[in-house]
Structures are given as C-alpha cells and as structure tokens.
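Inspection log for the structure reproduced underneath, given as structure tokens.
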Amino acid sequence: MEVHTTQCCILMGCLCLFYPWSQVCEWREPEELAALLDLELRENGEPQHQLLQRIRDVAKYSVKTNHPRFFNQLFAGVDYHALTGRFLTEALNTSQYTYEVAPVFVLMEDEVLSKLRSLVGWAEGDGIFCPGGTMSNMYAMNVARYRAFPEVKLKGMWSLPRLAVFTSQQSHYSVMKAAAFQGIGTENVFKVKVDDRGCMIPEDLGETIELAKSQGAVPFFVHATSGTTVQGAFDPLEPIADICDRQGLWMHVDAAWGGSVLFSKEHKHLMRGVERADSVTWNPHKMMLTGLQCSAILLKDTTHLLKHCHSADAKYLFQQDKFYDTSLDTGDKSIQCGRKVDCLKLWLMWKAVGSKGLEERVDRAFTHTRYLVEEMKRREGFELIGKVAPVIKERMMKQGTMMLGYQPQGGRVNFFRMIVISPQLSHQDMTFCLNEIERLGSDL
Ligand SMILES: Cc1ncc(COP(=O)(O)O)c(C=O)c1O
C-alpha cells in the first residue's frame, strides 16, 4: 500500500508538471467531460492500472495553470520549492492550531508573518494565514468592528448603530461579501470615486464619510487597495491615512497581489504610507507564486485584538495548564478550528531564492507589463471593441493555445485582463499572446 501511494504521488507530480503539455487546456463540453471521466462512485474499488489512468485523465482535462500561456487569473506558474512545500504539507497533514500538533509550523508561521510585517514597516504586530484574500479582508473588517465596538462579540449587532464601510469603486468584491457576511449590510458599503487610473480619490473619501454620517451611519472602516483586481491601481495611502487618523477609522490595505511590490526597491513606492495602516491583506499565492492557497492578514496591533475578537477558549484544544508555553497555541486567533498549514511553501521558497530572488520576480513582472504596453501601442488596430473579446476567448479555449480573462468595466466595453506574474514568462510569450489575439480575431 505504501509503495502504491508513493508511486501515485510521483506519477501525479510528473504528469502535472513535467509532461510537455502543448495546450493550456483541453476544452470539452460538460456532458462529454463527465462521460470521459466516469465520475460515478461505486461499491467496489478499482485496480491500480485503472486508477493511474484516472489520474492521467484528471491531469489531461484540467487547466494547466502552470503553463506559461495561462494569463487568466491572478495566480499562475509554478515555483518548485514552493511545490515541494505543498507536497510536504499534504503528506504531514496537520492542523495549524496548537504547538502540540504543529510545533514546526507554529514557529515557522510566526517567523514568516514577522518577516512580511517588517516589509510593511512594522517592527511588531500580529497576523495569521487564512484561506485566501477574501477571508483576510473579512478578518480585517471583523477586527476593526471589534475594536470600535467590543460588545459586538457578546451582544451581536443589536447593540450597535448602523455602521459604514468605505472603499473605492474598483475594490475587490470581497468587501461586499464581508459586509453581507458580518451583518453590516452591503448598502452600508460606501463606494468612493476613482480617478482615470482607478485610484481612490481621497477628497471624495472625505466627502463620502461626511455623507454617511449625515445619514446617521457610524463610519469605522476604510478599505484601501494596493493593486486593484482589474486595473492594477494603487490607492494613495498617505492621504487616506491622514483621513483615517483625523476620523479615528481603521485603515485596511488590501494588497492581495500588490503587496509583493514591497520586495522591490524600484516599485515599493507604490505602497508609500502602508506602515500607517492598521491591517494589510497579502496573498503570496498571487504574485509570489507560492501556489494556492497562501494569504496573510497582517495587523499592527500588539494588544491581541485578533485573539480577543475570535477566541472561544475550547477546553479540549487550548487548555491553559499545558506543559509548554500556551501562547504558542495560536489557533484561537482564527475563526476556524482546524487550519491548513500555508506557511511552509512560502518559507521554503523564500529560503531558496531569498528576498533578492523575490524582488527580481516582481521587477520582471513590471518589465513584462511595460513591454506588452509598448508592443500594443506599436500594433495598429489593437483596440478591442464590443463582443470581440468573448468570441476570441471561446476560440482560444477550444484550441487550448492560451487562457486570458476579459471583462467590461465602468463605461468601457469588454477588454482583456492580461496577467503577467509568472517568472517563467518571456517577451516571446507576450508577443505570442498579442499575435494569438490578432490571429483568433482576424475575421471579426
Ligand atoms: C485586490 C484583491 N483582493 C482580494 C482578492 C481575493 O483573494 P482570494 O481569491 O484569495 O480570496 C483578490 C482576488 O483576485 C484581489 O484581486
């Protein structure tokens, strides 16, 4: 049995990563795919050779997000050190809540979070890895509400006035989800205007706060973004921090993908003022390639707000009379019970390439972006209009040559959202992408 398990692991790894996939995806209609995969679960188990074929099929028909021409999402590519960390995490299969079951990872998480915080500019603070940027943003909103109204934990929303949250028109939709999930209400998320680069206009933030107050709402949380999801805009953090200071509001910076610029001497100015924030969301699984999922919520707070806000003191896990320092049982800071280990892949990758290696990755992504913009300017007639993008997308997926997302925004019609974060990318991939858009759309 042990041998079989090992074989499967090795084969799966080989199939997914070293097989020379020529296509990004093998598109099949859902009914055809379901039949091909033979998904039904049956009474009896299957022999090894059949299981291996199933593993091959899973790999074959899955999207190869590590393919250099997968530009579709804010994650892409593969870092083999991080991948080793991911395999090891799965193999060790522990939960990140107490020192007794995760001694290595409790210490490691602390170290990694502290290093991320130091890049933000904080010598101390708090934080936790959680399942994605959406959750990190929810943590920020919840802790901010707890700081403003600690009675919420005991008495719930009955004890609170109408609350108001502020964020830009182009912030991630997780702000709305958080407001709905936490009983604040999506109507109480006030959208602040952006300029033509997609950056929050601080003057409008000031005015919107006054508007909310005039409606009887109580402002408590400003959600700024460093690297918006579509346009990649960095909100001006210094003036936003000035407003938060004046108004006594919690300032959160959603740097889910943008946070990685803090590694780069050349680009970290984009987040000037981030050290003045109360909390930061940072997803190393986006621009840093750790693999899904790896997201940190970082806090400046040193008063254990995170723990006070979420702890439930479960006696079977967090006994206070344990034989070791119980402050190492960090799990009660989390809104979860069991929690996956997300620090190992980042730690191993960081150890392998160092902060300098990560800086180079960020700088390379910016270089690719500049190259792409220059190339597009050079090509005549490269402005896409109307319903062209969805048709080109359908064609690229059915031919499996690349994957690229599109969307409309504001008054703009559908346009392609090109993501260039993988260090495996070269200028040839950029050129390929533009040629391919031209080829696939030449008759439109
Ligand atoms: C700015 C921003 N914040 C938050 C998120 C959500 O992150 P996750 O997909 O890890 O929940 C995204 C995702 O793209 C994002 O772009």
Unit charges at the beta carbon, dipole of the chain: most positive-side option, F190, W347, T302:
F190
Going by how many other beta carbons lie within 10 Å of each one, how would you line up D196, D242, fewest first?
D196, D242
Of all C-alpha pairs within the chain, those more than 42 angstrom apart amount in percent to 21
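Let me check I've understood the local charge: for F318, count other residues with C-beta under 15 angstrom from its C-beta, Lys and Arg +1, Asp and Glu -1. What total comes out?
-1
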By count of other Cβ within 10 Å, fewest leading, how are F87, F190, F221, F105 ordered?
F87, F190, F105, F221
Assertion target for M288, M418, ordered by fewest C-beta neighbours within 10 angstrom first, is M418, M288
Could you rank the peptides 354-366, 164-176, 117-129 by their average count of other C-beta atoms within 10 Å per residue, with the highest value first?
164-176, 117-129, 354-366
Based on Cβ point charges of +1 for Lys and Arg and -1 for Asp and Glu, what charge dipole magnitude is obtained for the range 337-407 about its Cα centre, in debye rounded to the nearest 20?
300
Stretch K387-E266 to full length: gain in nm at 0.36 nm per residue minus the Cα-Cα span?
39.8 nm
Hey, rough spin-label estimate for S62 and K307, points 7 angstrom out along Cα→Cβ, what's it come to in nanometres?
3.8
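Under DSSP H, which helices of the chain have Cα atoms covering 24 Å or more of the helix axis and a Kyte-Doolittle average no less than 0.0?
Working: long enough: 103-120 (26 Å, 0.81); 343-378 (43 Å, -0.45).
The qualifying helices are 103-120.
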Please give the per residue volume of the convex hull enclosing the alpha carbon atoms of the range 92-343, rounded to a whole number of Å³.
123
Dipole size in debye (nearest 20) for the chain around its Cα centre, Lys and Arg Cβ +1, Asp and Glu Cβ -1?
340
Under a point spin-label approximation (7 Å from Cα along Cα-to-Cβ), what is the Q320-E40 distance to one decimal in nm?
5.8
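Every read-out reported here was derived from the displayed coordinates using simple, explicitly stated rules and does not represent laboratory data. As the structure is a computational prediction, the values presented were derived from the model and not from experiment. Methodologically, a virtual Cβ is constructed for each residue, glycine included, from the backbone with ideal geometry; neighbour enumeration extends over all protein chains shown.
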